[in-house]
Amino acid sequence: MNGRHKLILLAILLLAAFLRLYKISEVPPGVNRDEASIGYTAYSLLQTGKDEYGRTFPLSFQSFGDWKLPLYIYTTVPFVKLFGLNELAVRLPSAIAGIMTVLLTYLLVLELFEGKKSFIGHWVLSSGFLAILSALFLALSPWHIHLSRVESESNVAVFLTVAATLFFLKGLKQKPIFVALSLPLFALTYYTYHGNHVFTTLFLIGLCVLYHKQIPRTKIVIGSALLSIVLVLIILSATLLSADKTKLSGISIFGDSYVVHGNIELPRTDHPDPNNIIARLTHNRFTYAAETVAQNYIKAFSPEFLFIKGGGNRAHNIPNFGNLYLVEAPFFYLGIFLLLFAAFLKNSTFDIRHSTFLFWWLLISPVAASITKDAPHTNRMFVIFPLPPILVALGLVWLGTYLPKQKLLRGFIVVLLALAFSANIALYLDRYFVHFPLAETNNWGIKYKKLNEILSAEENKTKHLVITNPEYSPYIFLLFYSRFDPAMYQKTAMRYPPTDDAFVHVKAFGRFEFRAIDWKTDPQLSDTLLVDINQWKVSDTGVK
């Protein structure tokens, strides 16, 4: 890396840091439900050594019944110690991982394209140029910026995957220590995000198949492999009968209890004989699953999901904006075509093993999300990173090899592209930092932060509190923003029976009670505040 590249890379890293740290405590406006849970769990571990259920330093956290994996929670503990229980402490691990992934992507592209000139063509464009371009597009990526500015296990998993992949590829060149370092990093992704139980397994299968002849069989690599297998088995043994069972029952394509009835049983009744062979062959769990998973998989690469609307979960997207910039669309799909071309045509100037590996990465990225009921899903599809910026860079570089030779026309095209990218980026930054925190106030935790201020006022400190909609988990926001004593919570928490999909809602703790409000009788309760979450109506029915 020459001095010029170092300065450009430093500028890109500073840009990435700014976009991920600027007003991180204010945008998004307040914590979301998972952020509040992870932050308070880290706070509880720090104060008592136990989670909210009173379990001592567990490997799997029951939380709302979704059984969270441990790595992000334990990583958050020192940040809570340093900064207190707040938005900054919960989001900073993800922001740091996002910034570091930009650097690792630069290094990974250098490794993947080592010694290469342009992808296809005659321009003298080194792997360093492609690495710089990929890092820049990643630093500016709306998808990556958003998930780096919130608590995101998937973002940390991407960081670990890119680091592990970089070490693995370096280790193939007679440096076994790097392969040995990569394997525990891959194992840690199993401790980070549930989707990686599927993705990392498929990813490692691809690495082993494509590079099996080059993988060193030294003692240190074998020892590292055995250690990594033990690490994976430990976390699977802690989650397989709890977390995975709940996750599959809650988010799988059959997670909705009405799916079987509405999509399988009812359509059968349209046949003259619902029990005949045709009705059973066309309307059953297998055919429904195959059709739905295939549709979900294709949707993951659709322009609507990638460039127009994004996913449906408001914790992972801003309204009416794609996961990637609209201007990137032609270069992204062109990059996929070029990758496919390089992977299967031996006359390509690109290393055939690496191109096939990248194409495998692309193919398996939607698998985990495709088996869920709310696919395509921005967070579960995030394992595709850092491929999108790399593919966009490939497409742009390839286009550069075919620009007209006339300097004036070539300059005009370059300026036009620069303006298009700049306009799209400016539009996103305006929507994210200006409009998003105002428009989405009701979907983030800032309203609970304000509610906590009201409930903590001197005149309300001793009042009994009845709050609606326990299914929205308002308890976790109040625990987070009030910094409620974890030891006291563990002693006083009462919970409703688990729902059909094994989720748990809190009924009461301390002076808080979560249930429906009867507005005819409850206002007669003395010294009580009634809070309607749906209407955001606070009614003082007590005596001051």
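The values are calculated or read from the model by the stated rules, or taken from the named source; none is laboratory data. Treat the numbers as computed from the prediction; the structure is a model and nothing was measured. Here the Cβ is made from the backbone with ideal geometry for all residues, glycine too, and neighbour counts use every protein chain on show.
With respect to Tyr22, determine if the residue is surrounded by fewer than 17 Cβ atoms within 10 Å (Cβ to Cβ), in contact with a Phe, Trp or Tyr (Cβ under 8 Å, 6 or more places away or on another chain) and within 29 Å of Asn442 (Cα to Cα). Criteria met by Tyr22.
Test Val531 against the stated conditions and say whether it is part of a strand (DSSP E or B) and either closer than 20 Å to Ser37 by Cβ or modelled with pLDDT under 95 (or both). For Val531, the condition - part of a strand (DSSP E or B) and either closer than 20 Å to Ser37 by Cβ or modelled with pLDDT under 95 (or both) - is met. Being in contact with a Ser or Thr (Cβ under 6 Å, 6 or more places away or on another chain) and either of a type in the set (S, T, N, Q) or not in a loop (DSSP other than H, G, I, E, B) (or both) is a property that Ala95 has.
Once segment 390-440 is narrowed to residues that are in contact with a helix residue (DSSP H, G or I) (Cβ under 7 Å, 6 or more places away or on another chain) and small (Gly, Ala, Ser), the residue that is farthest from Pro28 (Cα to Cα) is Gly395.
Consider Gly206 carefully, then state whether it is farther than 28 Å from Val90 by Cα and in contact (Cβ under 8 Å) with a residue 40 or more places away in the chain. Here the answer is yes, as Gly206 does meet what is asked.
Contact map, segment 145-169: first residue under 21 Å from His354 (Cα atoms) and in the same structural domain as Leu429 (by TED's automatic domain parsing), second residue at pLDDT 95 or above and outside any helix (DSSP H, G or I), Cβ cut-off under 7 Å, separation 6 or more or different chains; pairs are Val158/Phe385; Leu160/Thr192; Val162/Pro386. Residue count for segment 173-184, restricted to those that are in contact (Cβ under 8 Å) with a residue 12 or more places away in the chain and in contact with a helix residue (DSSP H, G or I) (Cβ under 6 Å, 6 or more places away or on another chain): 7.
Set side by side, the residues Tyr428, Tyr489, Tyr472 differ, and just one is of a type in the set (Ser, Thr, Tyr), in contact (Cβ under 8 Å) with a residue 40 or more places away in the chain and assigned by TED's automatic domain parsing to the domain that holds Ile145, which is Tyr428.
Could you go through segment 413-430 and let me know if any residue there is among the aliphatic types (A, V, I, L, M) and over 30 Å from Val327 (Cβ atoms). No - not one qualifying residue is present in segment 413-430. If you go through segment 439-469 and keep only what is of a type in the set (A, V, I, L, M) and touching a residue at least 60 places away in the same chain (Cβ under 8 Å), you end up with Ala439, Ile446, Leu451, Ile454, Leu455, Leu465, Val466, Ile467. With the condition kept exactly as written, say whether any residue in segment 218-241 is basic (Lys, Arg), modelled with pLDDT of 75 or more, in a helix (DSSP H, G or I) and more than 24 Å from the chain's Cα centre (by Cα). Yes. Reported count of residues in segment 466-502, each being of a type in the set (Asp, Glu) and at pLDDT 95 or above, is 1.
If the condition is being surrounded by 13 or more Cβ atoms within 10 Å (Cβ to Cβ) and either under 23 Å from the mean Cα position of the chain (by Cα) or not charged (D, E, K, R) (or both), then segment 436-450 contributes Phe436, Pro437, Ala439, Glu440, Thr441, Asn443, Trp444, Gly445, Ile446, Tyr448.
Taken across segment 297-305, residues that are surrounded by fewer than 19 Cβ atoms within 10 Å (Cβ to Cβ), assigned to a loop (DSSP other than H, G, I, E, B) and either assigned by TED's automatic domain parsing to the domain that holds Val383 or touching a residue at least 24 places away in the same chain (Cβ under 8 Å) (or both) do occur, with at least one present.
Looking across segment 366-389 at every residue that is outside any loop (DSSP other than H, G, I, E, B) and of a type in the set (A, V, I, L, M, F, W, C), the one that is nearest to the chain's Cα centre (by Cα) is identified as Phe382. Just the residues that are β-branched (Val, Ile, Thr), farther than 24 Å from Cys208 by Cα and surrounded by 20 or more Cβ atoms within 10 Å (Cβ to Cβ), please, taken from segment 356-415. Once the filter is applied, which keeps residues that are β-branched (Val, Ile, Thr), farther than 24 Å from Cys208 by Cα and surrounded by 20 or more Cβ atoms within 10 Å (Cβ to Cβ), segment 356-415 yields Ile371, Thr372, Thr378, Val392, Val397. Restricted to segment 501-518, and to residues there that are over 14 Å from Ile476 (Cβ atoms) and of a type in the set (Lys, Arg), the residue that is surrounded by the fewest Cβ atoms within 10 Å (Cβ to Cβ) is Arg515. If you go through segment 50-75 and keep only what is on the phi > 0 side of the Ramachandran plot and out of contact with any His (no Cβ under 9 Å at 6 or more places or on another chain), you end up with Gly54, Phe57, Ser63. Phe480 meets all of the listed conditions (1) in contact with a Leu (Cβ under 7 Å, 6 or more places away or on another chain); (2) within 30 Å of Glu26 (Cβ to Cβ); (3) surrounded by fewer than 20 Cβ atoms within 10 Å (Cβ to Cβ) but one, namely (3). Output yes when any residue across segment 316-333 is charged (D, E, K, R), part of a loop (DSSP other than H, G, I, E, B) and either touching a Gly at 6+ places or on another chain (Cβ under 9 Å) or not assigned by TED's automatic domain parsing to the domain that holds Phe382 (or both), and no when none is. No - not one qualifying residue is present in segment 316-333.
Taken together, the residues in segment 134-162 that are hydrophobic (A, V, I, L, M, F, W, C) and either part of a loop (DSSP other than H, G, I, E, B) or at pLDDT below 95 (or both) amount to 1.
Filtering segment 50-79 to residues that are of a type in the set (S, T, N, Q) and either surrounded by 21 or more Cβ atoms within 10 Å (Cβ to Cβ) or under 13 Å from Val504 (Cβ atoms) (or both) leaves Ser60, Gln62, Ser63, Thr76. Hey, does segment 80-93 have a residue that's touching a Pro at 6+ places or on another chain (Cβ under 7 Å), modelled with pLDDT of 95 or more and outside the structural domain of Val232 (by TED's automatic domain parsing)? The answer is no; no qualifying residue exists. Residue pairs whose Cβ atoms lie under 9 Å apart, sitting 6 or more positions apart in sequence or on different chains, and linking a residue in segment 123-142 that is surrounded by fewer than 24 Cβ atoms within 10 Å (Cβ to Cβ) and of a type in the set (Val, Ile, Thr) to a partner that is in a helix (DSSP H, G or I) and at pLDDT 85 or above, are Ile132/Ile8; Ile132/Leu9; Ile132/Ile12; Ile132/Tyr106; Ile132/Val109; Ile132/Ala393.
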